[in-house]
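Let me begin by presenting the structure, written as structure tokens, before commenting on it.
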Amino acid sequence: MDWIHKYLNILLTPLILSSFLISLPLRHVFKLVSRIKRYIFSENVAGKVILITGASSGIGEQLAYEYARRGARLALIARREDRLKEVAKKAHRLGSPDVIVLSADVSKVENCQRFIGETLRHFGQLDHLVNNAGITEILMFEDVIKISDFTPIMDINFWGSVYSTHFAVPHLRKSRGKIVVIASSNGWLHMPKLSLYNASKAALIGFYETLRVEFGSDIGIIIVIPGLIDSEMTQLSEMSQVKSELKAQLDFVPRESAEMCAKAIVNGVCHGERYIIEPFWMRLLFLAKLLCPEVVEWCHRWLFITAKPWPGNLKKKCF
């Protein structure tokens, strides 16, 4: 059977390239028409039920406020119940007619089943599931002493989204709702010292791209790819030497506020975007990775491994 592959290697390459060149203009016309249609017919989320995991801080907190401004009803999920109650009070003030707070750990499958069930019992429906909960750890992979200490990264970042999605799917199919997954630019750009975090986000992207094919038009899948956002995760409050060095190295990268990021996400979700890359200029880095992967890898290595932060800058960050 190997001869078949030899002929396919010869025949398919020019065939696919010619088809691509012919279809490229049509694809751009289709995308333009689709974009115009989406912006004309924006989804009104007033009165709809939005469940947000990791809603006690950062992007999740700001998403709660942005949905609240649009009149959505909210189910807020996180481990810190006291902090969730503060977010819920502000969401009420901003315009949400009904907010419930559910303390839960998304890495535990029974917790995910419980908060989906309690949301349905309280509201009777579910329209958007926003999988936002996530954690990170910064360390060179060869410096890891006990690899099992890093399993929570995959448990929360990946399995937490899988569990909640599994229990929410029947209800989202009924409402023809949406799943919004907060991935990361690191799921494709692969910054050093974040190997397991990067892997968890890459797994999220692959999983939800598969679900998009499986669900078709029954459930919308929106994959959000944020860059460097100013949140608890990027503030690196536990100042180990590795974290303080990375903070200093990231000083030259402008951070977008979680509030601005959340506004762009909800706008994109309501307009039916398939992918939301925020900030917009991050698209240029994805293009660079596609066209010149060796250059991007070299820059990452030089910036975050070879180059050392300025001593004065590092001192300012540590103390």
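The values are calculated or read from the model by the stated rules, or taken from the named source; none is laboratory data. Small disclaimer: the values here were computed from a predicted structure and weren't measured. Cβ atoms come from the backbone with ideal geometry, glycine included; neighbour counts cover every protein chain shown. Just the protein is used for accessible areas: all its heavy atoms, side chains included, with ligands, DNA and RNA removed. Shrake-Rupley method; radii C 1.70, N 1.55, O 1.52, S 1.80 Å.
Close amide-amide hydrogen proximity is noted between Ile135 and Asn157, each under 5 Å apart and 5 or more residues distant or on a separate chain (H modeled in the peptide plane; Pro and chain starts excluded).
Within a straight-line Cα-Cα reach of under 12 Å, Lys108 can be paired with the following aspartates and glutamates, leaving aside sequence neighbours fewer than 8 residues apart in one chain: Asp155. The candidates Lys146, Lys108, Lys178, arranged from most to least accessible area with a 1.4 Å probe in the full protein assembly, appear as Lys146, Lys108, Lys178. Packing-based ranking of 119-125, 259-265, 84-90 yields 259-265, 84-90, 119-125, ordered from highest to lowest mean Cβ neighbour count within 10 Å.
Just check the range 121-219 against the gyration tensor rule for me: Cα atoms, a ≥ b ≥ c as the square roots of the eigenvalues, rounded for a/c under 1.5, and otherwise prolate or oblate depending on whether a/b exceeds b/c. Could the numbers behind the result be given before it?
Numbers: a/c = 3.17, a/b = 2.12, b/c = 1.49.
Prolate, since a/c reaches 1.5 and a/b exceeds b/c.
Here the spin labels are modelled as points 7 Å beyond Cα on the Cα-Cβ line, and at Lys89 and Trp281 they lie 3.8 nm apart. For the pair Ser175 and Ala46, the difference between a 0.36 nm per residue extended length and the Cα-Cα distance amounts to 45.0 nm.
Hey, what's the Kirkwood Rh for the range 45-126 if you take every pair of different alpha carbons, in angstrom?
Details: mean 1/r = 0.0822 Å⁻¹.
Evaluated on the range 45-126, it is 12.2 Å.
In order along the range 274-282, phi translates into HN-Hα couplings of 7, 10, 10, 9, 9, x, 4, 5, 4 Hz, rounded to whole numbers, per the Karplus curve 6.51 cos²θ - 1.76 cosθ + 1.60 with θ = phi - 60° and x for Gly and Pro.
Normalised by 2.2 N^0.38 Å, where N counts its residues, the alpha-carbon radius of gyration of the range 45-306 equals 0.99. For the pairs Lys146/Lys201; Lys201/Lys263; Lys89/Lys146; Lys48/Lys193, note any where the Cα-Cα span goes beyond 30 Å. Correct reply: Lys89/Lys146; Lys48/Lys193.
Placing a pseudo-label 7 Å from each Cα along the Cα-to-Cβ vector at Glu142 and Lys6 gives an inter-label distance of 4.3 nm.
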